[in-house]
């Protein structure tokens, strides 16, 4: 079968390779797998399968499977990997027999992939592979729960990601049906509390709108209905793509939607601030366009998945 790793875009593969190198350094260290050294099964091959112990959304399986190729190369049992990971090399000590598609909604008990390879490689790569797969599938699953609960707002992620995992976690959010906010500080303007405080308030921020480059997306955070009115009544409000209603109680969100309608419209609204997936069912949020949840990533945890070794092929 075609290697799932090759279906990932280059930017995602580069992000995965960088983390994979660190993960194998952590797990194999300088001496490698000591247990395997003293309990070496020799050339024996085994088959295994990734199994779901709870329901969820699949994310990160191509990387999890590629872990075993990288592990084989690190142990000297396969050719070294190309620097960009763009080419899948023939790996005589590891083979993917079957793999489920990314984004699959699966039930507890389902098999997500079947693999075969050297016992040394399967044992040494197991934990690293599961760490990636459990984490990314948890992000996708949490996002799917938020999307299912939402009474209308699109579900967005934030920059509250695990250091080094941003591209991967934002990819998992997309698989769960969510949308990506900024990838980093360099792709949009977002004026928040600290910026307003440094400039002396929202009025000083609004005074700078007309001088901004028109191609850059602009998001501005407000903390009260008074600030929102000031923004919506400003003649340059059309320069703003989205207004962040930060930490607004549900009733205040509904009041903000009503105010926008009263004033003849305005930028899209995004609610933010400590939201959990179930919160998005609140009917007060029906009139806003988006909701950003840091909890999609910072509170995702790990989905309960396992690698079960079935024995000799």
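The values are calculated or read from the model by the stated rules, or taken from the named source; none is laboratory data. Everything numeric in this text was worked out from a predicted model, so none of it was measured. Glycine gets a Cβ as well: all are built from the backbone with ideal geometry, and neighbour counts include every protein chain shown.
Table for the structure above
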| quantity | calculated |
| --- | --- |
| Residue in segment 278-290 that is touching a strand residue (DSSP E or B) at 6+ places or on another chain (Cβ under 6 Å), touching a residue at least 60 places away in the same chain (Cβ under 8 Å), in a strand (DSSP E or B) and not assigned by TED's automatic domain parsing to the domain that holds residue 61 present | yes |
| Residues being closer than 20 Å to residue 303 by Cα and free of Cβ contacts under 8 Å to residues at least 60 places away in the same chain - total across segment 110-128 | 2 |
| Residues of segment 302-313 classified as assigned to a loop (DSSP other than H, G, I, E, B) and at pLDDT 95 or above, total | 3 |
| In segment 225-263, residue nearest to residue 274 (Cα to Cα) [restricted to those that are free of Cβ contacts under 8 Å to residues at least 12 places away in the same chain and in a loop (DSSP other than H, G, I, E, B)] | 249 |
| Flag if residue 296 is part of a strand (DSSP E or B), modelled with pLDDT of 95 or more and farther than 13 Å from residue 152 by Cα | no |
| Residue satisfying condition, being surrounded by fewer than 23 Cβ atoms within 10 Å (Cβ to Cβ) and modelled with pLDDT of 90 or more, within set 189, 133 | 189 |
| Residue match in segment 206-217 (condition: under 27 Å from residue 250 (Cβ atoms), touching a strand residue (DSSP E or B) at 6+ places or on another chain (Cβ under 7 Å) and surrounded by 14 or more Cβ atoms within 10 Å (Cβ to Cβ)) | no |
